[in-house]
Amino acid sequence: MRRAITGCSLAVAMACVVLMSAASWAQPQPIRIGTIFPLSGSLALLGETQMNGALIAVDVVNERGGLKGRAVQIVKADAPNPGAAITEANRLIGSEGVKLIVGSYASSIASAWAGAAERAGIIHFELGGVADSITQRGFKNVFRVPPTGSSLGFAALDYARLVLAPALGIPSDKLKVALVYEDSEFGASVAKGLSTKAKELGIQLLAVPYTKDSSDLTPVVLRIREASSDVLLSVQYINDAILFWKQARQLGLNIKAHVGMGAGHFEKSFPDAVGRDANGVFIAGPPIELNPAGLSETARKNAADFYGRYEKKHGKKPSSIAMMGFTGMMILLEEVLPATANPDDPASIREALLRVDKPVGFTASGWGVKFNPPGPNGGHNERAFWVIRQWQDGELYTVYPKQFGVRSPILVPLPAWDKR
Amino acid sequence: MTIAVFGQLVIAGILLGGVYALLSVGLTLIFGVVRIVNFAHGDFVMLAMYATYFLWVLNLDPYLAAPLVTAAFFLFGMAVERLVIRRTLTAPHLVQVFVTLGLSVVFVSFAHLAWSADFRIVRTAYSAAVVALGPIRVTVVGLVAFLVAMATSGLLFLFLRKTQIGAAIRATAQDRQTAAVMGIEVPRVYNLTFGLGIACAGLAGALLVPMYPAFPSVGLGYALIAFVVVILGGLGSFPGAIIGGLLVGVIEMLSGFYLAPSLKEAAYFALFIGVLVLRPAGLLGIRGSELTGIEP
Amino acid sequence: MRDPGEPRRGLGSDRAVALWGLLVAAVALYAGALAIRHDYYVDMAFHVMLWAALAGAWNIVGGLAGQLALGHAAFFGIGAYASTLLLVRAGISPWLGMFVGAAVAAVVALGLGGATLRLKGPFFAMTTAAFAELIRIAAVNWDSLTGGTRGLWIPWEPNPWHFAFRDRRSYLLVAVTLTLVVVVATALLSRGALGFALRSLKDDEDAARSIGVQVTRVKLISFVVSAALTALGGALYAEYLLSIDPPSVLGFDLSIQMALMAVIGGVGTLAGPLLGAFAVVTTSHLLRGWLGGHYGALHLLIYGALLIVFMLFLPAGLVGLLRTARQRLGRRRRGRVMPEAST
């Protein structure tokens, strides 16, 4: 008897499967896009954040009716390290049959699977890896939305010498700048660009690299304190940014302005941990919450959609890392794929990517879109830029460039620690 | 000014070293008695940091939570010993290494799954409080961590010297077979010792939380430092672990300032290799123990 | 330390059988490598063979000589950096560069081993681990040479002479060759007087010394050979990745992995590292592929739990398991021999 029941249910189940696959024949096949982000290991926190931002874009587009009636389907992969990135790229390409992969938050991950995509002739669409080298290797299938890491260093330095130095009443050739960075790949890339630029401009720069996993940063703080620098530029991750700023207060580091360029300063954990001491700290980083006046109609609508949906889905405000994921994915889904002759053909996607031409202010991040043609720095988006924001009473406000600014900078120079 | 800077670095190093010492005391106890190389030691610290954090979310001050966490980790340590470690006691070193590494992987990925990779921050009224000793400024939380760590190590030392259980533990550390012949219940001693070692890790975690955020991979760095300290100070030596901890803390601070902050690890690893090559028993270890190694 | 995987028969005792076994294994591996068409499985097979070679190289010092080295990432990284630097900075082919890397690693191992090989058990393990960390920190800080944490990338133009192949199976074939080289090296080292010295050293160092075995020399030989072979693996991996940075070729986890796979397979045996690499690589790749994007770190949790359970219940590794199975089988059906046992 039991056997008969088992047999019956098996038959029913098989019938269901057959029916369901028949039903899926009737509907148009979804467009499958692979994603590669670090979702476990030490890069997981922000890797996942960026992926979540990109997935909001997928939700938005699918609810708006997909791409010419075809739903967008995401095939996720976890790449905690470069070796895994290659393996997972091969899995997505070989076993899942995707023709287009997006990623990767971290540059070391992006660099590794860029090679795998290039070999297979698959499109690598980069949403977050900013190392300059990603688009300098002559790969013809790599396209990158955000600006480079070294240009982040330029942006911070320019803000220091063009805006902060005059506000502090110091001639820019007399400005003493300290650069503190955790010596991971991201920090080193930014620092490299920044140091080169400072040398060109004749600006005195004290560079202090350190390792991220330090339980005490007294030596770093003291080095800057003893050099009595005016402006501090930093690239720090979350735990070290918190520790550094706590110890800066403890040891009486009286810097006149601080521009952070790493995730440590633009995540909400920073004011959560240091409280009012966060006030007045600038950050240079990816744009979010820009002044709508500087944005296109589409960008305003998409941005509002993104903020609402992200908060609803994840219970917290999106960070700029998530915004990078969203913006890049929206460019892909709204501007590139609809313009292709065949969205399942890499050559066709490539052509469409090279044709996109949108002005600054067009996307929710304010970025325009124009990918360099193959050649030096091919596939790099020339119209992306970094913005300067500032912590004011526990919230970040965009202050620079002017057309996207929502508030004016305050607390320049930084007052005593108990007056912030 | 330079004297003040030097003083600040040394004091900061000693305070940091206090926490390292507490970590290492727990590790050296397990290492010296149970003869297990516990690669998951730092991850016990991580779990304790989370425990303290969640108690703080329930409005319990970290310093009030510390005794609770310590007691809980004592029991947790005994449970882990009973369920996992005991089964490896007669296995080769390699197997022990990979069992504790497996524990480490399980703890880290469990923390990641259960509590996400977010940084958990405890913020109390005294988080930012600073005590000034002339030009030298130390945080209250750093000072408390140091004092509690030192007091605990001292108490543990007295416990081993002055009590009957302590004597049993020391006897087992010296010779497992003879201890068994003398009527000491060796498995119970192991169970207790492992619990004590993990309780130290738990206390260290509770003391660290007001200073440092909790996240899944926070323990990995502490494990490595604790190993360096334990072998530097001399295997199984209590005073060695404490002096080694302070030494590593001070070296970390001084080399960070005078050499380069990115070379601080290089400084203590170089010292570590140097000591082992020149005086293989560690600074305060028993001469010859490195040659006999730790036989199961 | 008990030796769970001591070969039941010395290899030298039946050289013809050993040679034939090797030949058959080689032909099978090459044919198998060429038969895989799917890139994902080519990649998986490449990782299996690379790790088989690395675990095998580690096994020479960790298994044959019984010295618990946990710093082989240093030699791996030296191979990766040497071949990549020579290619990127001087245009020298990695075919040559990998041997330069191996030579550098051998010299470094000679120095390190000379200073530390008298240390035992955990002491030797931690010293080698600390040394590998020093090399990693050097690579991070010597920016002008190594590019620091930004790392180095290899321009990709398919050119077999520059070790850049369009077809991934070519990398796989090189990895198979490396594994075979490691197997042959292991077999040669465990023969004759040296093999006897290694076995006696591993069983009881003091006893070995008392019967006239030059303990330090024997340990050094195994350490140096092991380091050089590991460096070859590092060079191969760098060419496969096309970009290297300190964490990916000098990380502590690499040192752990090499030892881990040898232990899972069966320490001190010829087939152990290959079996261990196969088990660990396929498990972790498949777990990550199935669960990776969806359940965060669940694949790691399962992996860690499997590791503990495996270590608790099969401390002699897969070879030990097969051996027990064969003994049980052999009791019932005499004469049938498993291929693993013939190596």
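Quick look at the values:
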quantity	calculated
Looking only at the range A:90-135, and only at residues there that are in contact with an Asp or Glu (Cβ under 6 Å, 6 or more places away or on another chain) and surrounded by fewer than 24 Cβ atoms within 10 Å (Cβ to Cβ), the one that is nearest to A:Gly375 (Cα to Cα)	A:Lys99
Wholly enclosed helices (runs of 4 or more DSSP H) of the range C:113-214 bearing at least 1 residues of a type outside the set (Val, Ile, Thr) and within 14 Å of chain B (Cβ to nearest Cβ)	C:121-141, C:143-146, C:192-203, C:205-210
Flag if A:Lys197 is under 25 Å from the mean Cα position of the chain (by Cα), farther than 30 Å from B:Phe146 by Cα and of a type in the set (D, E, K, R)	yes
Residue under evaluation B:Thr90, criteria (1) touching a helix residue (DSSP H, G or I) at 6+ places or on another chain (Cβ under 8 Å); (2) closer than 23 Å to B:Leu192 by Cβ, criterion not met	(1)
So A:Lys313, is it more than 16 Å from the chain's Cα centre (by Cα) and surrounded by fewer than 19 Cβ atoms within 10 Å (Cβ to Cβ)	yes
Selection count where residues are among the polar types (S, T, N, Q) and at the interface with chain B (Cβ under 8 Å from one of its Cβ atoms), scope the range A:250-276	2
Which listed residue is more than 14 Å from every other protein chain (Cβ to nearest Cβ), more than 29 Å from A:Tyr237 (Cα to Cα), surrounded by 15 or more Cβ atoms within 10 Å (Cβ to Cβ) and at pLDDT 90 or above, from B:Leu203, B:Leu160, B:Leu192, B:Leu147	B:Leu192
When residues of the range C:167-188 are limited to those that are surrounded by fewer than 20 Cβ atoms within 10 Å (Cβ to Cβ) and closer than 30 Å to C:Ala207 by Cα, the one farthest from the chain's Cα centre (by Cα)	C:Leu188
Pick from the range A:32-50, criterion over 17 Å from the mean Cα position of the chain (by Cα) and modelled with pLDDT of 90 or more, ranking: farthest from B:Ala111 (Cα to Cα)	A:Arg32
Residues that are among the aliphatic types (A, V, I, L, M) and either touching a His at 6+ places or on another chain (Cβ under 9 Å) or part of a loop (DSSP other than H, G, I, E, B) (or both), drawn from the range A:183-209	A:Ile203
Filter pass, C:Ala132 being among the aliphatic types (A, V, I, L, M) and surrounded by fewer than 24 Cβ atoms within 10 Å (Cβ to Cβ)	no
So C:Gly292, is it crowded, with 23+ Cβ neighbours inside 10 Å, of a type outside the set (S, T, N, Q) and modelled with pLDDT of 85 or more	no
Search result, residues across the range A:136-154 that are on the phi < 0 side of the Ramachandran plot and either surrounded by fewer than 24 Cβ atoms within 10 Å (Cβ to Cβ) or part of a loop (DSSP other than H, G, I, E, B) (or both)	A:Gln136, A:Arg137, A:Phe139, A:Lys140, A:Asn141, A:Val145, A:Pro146, A:Pro147, A:Thr148, A:Ser150, A:Ser151, A:Phe154
Residue in the range B:96-115 that is touching an Asp or Glu at 6+ places or on another chain (Cβ under 9 Å) and in a loop (DSSP other than H, G, I, E, B) present	no
Any hit, the range A:63-79, residues being surrounded by fewer than 23 Cβ atoms within 10 Å (Cβ to Cβ), of a type outside the set (A, V, I, L, M, F, W, C), in a helix (DSSP H, G or I) and within 18 Å of the chain's Cα centre (by Cα)	no
Filtered residue count, the range B:57-116, keeping only those that are more than 7 Å from chain C (Cβ to nearest Cβ) and hydrophobic (A, V, I, L, M, F, W, C)	26
Elements of type helices (runs of 4 or more DSSP H) in the range B:237-296, at least 3 residues being at pLDDT below 80 and surrounded by fewer than 20 Cβ atoms within 10 Å (Cβ to Cβ)	B:289-292
Selection status of A:Ile321, touching a helix residue (DSSP H, G or I) at 6+ places or on another chain (Cβ under 7 Å), buried (at least 23 other Cβ atoms within 10 Å of the Cβ) and in a loop (DSSP other than H, G, I, E, B)	no
Selection within the range A:210-236 - modelled with pLDDT of 85 or more, assigned to a loop (DSSP other than H, G, I, E, B) and more than 7 Å from chain B (Cβ to nearest Cβ)	A:Leu217, A:Ala227, A:Ser228, A:Ser229, A:Asp230, A:Gln236
Test: residue in the range C:255-278 that is within 14 Å of chain A (Cβ to nearest Cβ) and out of contact with any helix residue (DSSP H, G or I) (no Cβ under 8 Å at 6 or more places or on another chain)	no
Those helices (runs of 4 or more DSSP H) lying entirely in the range B:1-94 with at least 3 residues over 19 Å from B:Ala201 (Cα atoms) and over 16 Å from the mean Cα position of the chain (by Cα)	B:2-29
Pair list, Cβ under 6 Å, 6 or more apart: the range A:261-277 residue under 16 Å from A:Leu411 (Cβ atoms), other residue among the β-branched types (Val, Ile, Thr) and buried (at least 20 other Cβ atoms within 10 Å of the Cβ)	A:His265/A:Ile283
Residues located in the range C:205-240, provided they are crowded, with 20+ Cβ neighbours inside 10 Å, among the hydrophobic types (A, V, I, L, M, F, W, C), out of contact with any strand residue (DSSP E or B) (no Cβ under 8 Å at 6 or more places or on another chain) and in contact (Cβ under 8 Å) with a residue 40 or more places away in the chain	C:Val218, C:Phe223, C:Val224, C:Val225, C:Ala227, C:Ala228, C:Leu229, C:Ala231, C:Leu232, C:Ala235, C:Leu236
Positions within the range B:233-284 being over 20 Å from C:Leu134 (Cα atoms) and of a type in the set (A, V, I, L, M, F, W, C), in sequence order	B:Leu235, B:Phe238, B:Ala241, B:Ile242, B:Ile243, B:Leu246, B:Ala281, B:Leu283, B:Leu284
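To keep it simple, each residue is scored yes or no on (1) touching a Cys at 6+ places or on another chain (Cβ under 6 Å); (2) among the charged types (D, E, K, R); (3) surrounded by fewer than 24 Cβ atoms within 10 Å (Cβ to Cβ); (4) more than 14 Å from every other protein chain (Cβ to nearest Cβ).
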| residue | (1), (2), (3), (4) |
| --- | --- |
| C:Val42 | no, no, yes, no |
| C:Ala57 | no, no, no, yes |
| C:Ala65 | no, no, no, no |
| C:Ala69 | no, no, no, no |
| C:Ala73 | no, no, no, no |
| C:Gly77 | no, no, no, no |
| C:Ala82 | no, no, no, yes |
| C:Leu86 | no, no, yes, yes |
| C:Gly91 | no, no, yes, yes |
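Conditions tested, residue by residue: (1) at pLDDT 80 or above; (2) in a helix (DSSP H, G or I).
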site	(1), (2)
C:Leu270	yes, no
C:Leu274	yes, yes
C:Ser284	yes, yes
C:Ala305	yes, yes
C:Leu312	yes, yes
C:Val337	no, no
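The values are calculated or read from the model by the stated rules, or taken from the named source; none is laboratory data. The model shown is predicted, which means the values in this text are computed figures rather than measured ones. When we count neighbours, we look across all protein chains shown, and the Cβ atoms used for this are built from the backbone with ideal geometry, even at glycine.
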